[in-house]
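I have placed the structure first, in the form of structure tokens, so that the comments after it can refer back to it.
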Amino acid sequence: MARTINNRSIHLDGLRGIAVLLVVFYHANFSLFSNGWLGVDVFLVLSGYLIIGKIRQDIAQNTFNLKTFYIKRLKRTVPALVLMLLISIPLSFILIDHKSKLESLNISISALLMSSNMYMYAQTDYFNPSAELN
């Protein structure tokens with residue numbers, strides 16, 4: 001089944017790409033991009049808008065299925081998550097101190113369990129400078 005793409009989707013995907021670049025530039029310590037959280041917020045709002053639009057379209061066509069929706073999300077995100085963890089966990093054990101290794105492992109486990117936001121929320125305040133490392 002071919003996916004119909006309209007100009008609005010292309011433009012919003014472009015804006016999401018810019019939002020990702022804002023986060024990357026922030027983490028690369030470019031002084032011009034000191035608000036990396038803004039890129040995250042823009043990305044999440046645009047992603048939510050696109051996903052809700054797709055859900056509304058499927059509901060209007062009477063083709064929406066919650067189980068199928070979540071399976072598609074998992075198929076799209078889990079491979080990238082696993083690849084990232086396969087790279088970052090060994091690197092963290094090489095590059096960081098013992099205390100931080102345990103924290104890194106806990107964060108990785110919470111990511112695999114799709115509960116990292118809840119884990120990090122319980123650890124520190126979102127706007128606390130120490131949260132930046134998470």
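Just a few scattered comments:
- Three-way shape call for the range 66-126 based on the alpha-carbon gyration tensor, with the a/c threshold at 1.5: oblate
- Projected label points at Leu81 and Ala60, each 7 Å from Cα along the beta carbon direction, are separated by 3.1 nanometres.
- Approximating the spin labels as points 7 Å out from Cα along Cα→Cβ, the Ile89-to-Lys72 distance works out to 3.0 nm.
- Ser115-Tyr49 FRET efficiency (beta carbon distance; Förster radius 35 Å; 0.05 resolution): 0.90
- Span-rule helices in the chain, defined as complete DSSP H runs reaching 24 Å or more along the axis (Cα) with Kyte mean at least -0.5: 7-27, 36-60, 66-95
- Tally of Lys pairs whose C-alpha atoms are under 24 Å apart, taken over the chain, 8 or more apart or cross-chain: 4
- The loop-placed chymotrypsin sites (Phe, Trp or Tyr not before Pro) in the range 12-67, going by DSSP, that have at most 12 neighbouring Cβ atoms within 10 Å of their Cβ come out as Phe30.
- Stokes-Einstein D for the chain, Kirkwood Rh over Cα pairs, 10 °C, 1.306 mPa s (µm²/s): 91 µm²/s
- If the chain linking Phe25 and Ile10 were pulled fully straight, counting 0.36 nm for each residue of separation and taking away their Cα-Cα distance, it would gain 3.2 nm.
Readers should treat all values here as calculations from the given coordinates under stated rules, not as data from a laboratory. Just so it is clear, the structure is predicted and the values come from calculations on it, not from any experiment. Backbone-built Cβ (ideal geometry, glycine too); neighbour counts: all protein chains shown.
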